[in-house]
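S.K.: If you scroll down you'll find the structure; I have some questions about it.
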Amino acid sequence: MSSSIKNVLIIGASGNVGRAITDAFLRHGGFNVSALTRSSSSSTFAPEVTVIRTAYTLASLIDAFTSQHAVVCAIGTVANANLENQRLFIHAAEAAGVKKFIPTEFTLDTSDERVVDLIKCCIMKRDTVDKLREVENRVEWTAVSTGPWVDWMATAPAEEWPWWDLSNKTFVKFDDGNTPFDASSHAQVGKAIVATLLPENREATKNQHIFIRSFRLTQNQVLEIFEKTTGSPWTVVPNSIGDVGKQGRAIYDEITRDGGISAAAVHPELGGKLLLSVGLMISAGIFGLGNWCQFEDKAKFWMNKLGLEDEDPVEVLSKAIR
């Protein structure tokens with residue numbers, strides 16, 4: 001294996017998972033951490049983080065990536081524009097001599113055709129990995145599937161995640177609530193990304209799609225933790241996961257019919273509907289439609305290699321909602 005990775009550039013470091021990844025590198029130490037933002041961005045970062053503000057042109061990105069050993073991409077991928085950005089990042093990484101690229105995966109298993117068939121925006125994530133396979137002799141990569149970010153789910157605004165409403169203590173439960181799903185905390189995602197770049201793990205994770213998690217849960221277990229933590233019962237609203245998946249796909253198909261996903265993403269009226277449709281389809285994947293969020297054996301295999309351990313769901317969820 002070539003020389004160790006010290007200089008790490010994070011794209012999307014101010015976002016939900018990007019902040020967690022950045023914090024994990026800073027806590028670990030031993031890395032020179034930089035954050036890439038657009039020239040117009042007003043995002044701020046810890047003093048230890050070198051901020052590189054640039055236009056997203058190939059020339060400016062090559063300049064920003066030069067001397068970086070690894071690039072971690074943590075941008076959203078709902079719009080085709082972000083897929084094109086990732087392709088541009090990969091091109092720049094190859095030209096700048098970056099050793100390793102970690103794409104913005106951090107979700108369900110996008111190598112599973114059933115997932116991509118329902119959640120169409122996941123095609124973009126899969127296509128990014130396919131692009132990395134084309135250049136893997138020059139830029140190594142690791143795609144990391146994490147399942148949903150459960151601490152985000154517990155605290156997200158209702159317009160983004162309407163199922164667990166902390167302020168009103170309302171819990172939408174799909175079907176019987178007993179279908180298990182594997183999930184991760186933001187902190188666990190950050191630890192996993194750091195672990196893939198350590199010298200002892202680089203060969204094992206080189207050009208691999210890996211899986212990590214914090215724990216396996218059911219909706220009923222989540223509800224029990226919420227009620228114990230808040231000290232009062234929650235109102236349970238029954239729903240059907242099959243209906244939610246169909247609804248999400250119908251909305252998605254309608255609003256992307258004419259101009260595609262890129263046009264819908266930037267449309268003043270359709271952008272919100274697009275996020276809603278994606279959220280509904282992902283919810284269907286998490287809560288039981290096809291059991292697509294169950295990868296316990298794969299996660300245990302990779303976590304053992306990376307030196308990661310399961311977390312305590314009571315501790316993670318209780319901390320999130322307190």
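What follows draws every value from the coordinates through simple rules; no lab data is involved. A quick note: this is a predicted structure, and the numbers were derived from the prediction, not measured. Cβ coordinates were reconstructed from backbone atoms using ideal geometry, including for glycine residues, and neighbour counts include every protein chain displayed.
S.K.: Just subtract the alpha-carbon distance of residue 57 and residue 247 from 0.36 nm times their residue separation and send over the number in nm, one decimal.
M.R.: 64.6 nm
S.K.: May I pose another question? Take every DSSP beta bridge whose two residues both sit in the range 1-95, then give the antiparallel share in percent to the nearest 5.
M.R.: Given both bridge residues lie in the range 1-95, the antiparallel proportion sits at roughly 0 percent.
S.K.: How much of the DSSP bridge set in the chain is antiparallel, in percent, rounded to the nearest 5? Please list the in-between numbers first.
M.R.: Numbers: 5 of 34 bridges.
Around 15 percent of the beta bridges assigned by DSSP in the chain are antiparallel ones.
S.K.: For the range 143-182, take N as its residue count and report Rg(C-alpha) divided by 2.2 N^0.38 Å. It would help to have the intermediate numbers written out before the result.
M.R.: On the way: Rg = 11.7 Å, N = 40, 2.2 N^0.38 = 8.9 Å.
Taking N as the residue count of the range 143-182, the ratio is 1.31.
S.K.: Follow-up. Could you sort 180-190, 225-235 so that the peptide with the highest average Cβ count within 10 Å comes first and the rest follow in order? Working shown, then result.
M.R.: Details: 180-190: 23.9, 225-235: 13.8.
Ranked by mean Cβ neighbours within 10 Å, highest first: 180-190, 225-235.
S.K.: Can you give me the angle between helix 16-28 and the longest principal axis of the chain, using Cα atoms only, in degrees from 0 to 90, rounded to the nearest 10?
M.R.: Helix 16-28 sits at roughly 60 degrees to that axis.
S.K.: D for the range 116-186, whole µm²/s, Stokes-Einstein with Kirkwood Rh over alpha-carbon pairs at 20 °C and 1.002 mPa s: what number?
M.R.: It comes out at roughly 141 µm²/s.
S.K.: Along Cα→Cβ, 7 Å out, is where each label goes; now give me the distance between the ones at residue 204 and residue 3 in nm to one decimal.
M.R.: Taking the simple label geometry, residue 204 and residue 3 are separated by 2.6 nm.
S.K.: Could you tell me what a quarter of the Cα convex hull surface of the chain works out to, in nm² with one decimal place?
M.R.: With the hull built on Cα positions only, its mean projection is 16.1 nm².
S.K.: Which angle between 0 and 90 degrees, to the nearest 10, do you get for helix 80-96 versus the longest principal axis of the chain when only C-alpha atoms count?
M.R.: Relative to the chain, helix 80-96 is tipped by roughly 30 degrees.
S.K.: Once every DSSP H run of n ≥ 4 in the chain is given -39500 (n - 2.57) and the sum is divided by its residues, what mean residue ellipticity at 222 nm do you get, rounded to the nearest 500 deg cm²/dmol? Walk me through the numbers on the way to the answer.
M.R.: Working: 14 runs with 152 residues, N = 322.
About -14000 deg cm²/dmol.
S.K.: Can you flag which of 228/300; 125/273; 173/298; 206/319 are past 23 Å Cα-Cα?
M.R.: As for pairs spanning more than 23 Å Cα to Cα, those are 228/300; 173/298; 206/319.
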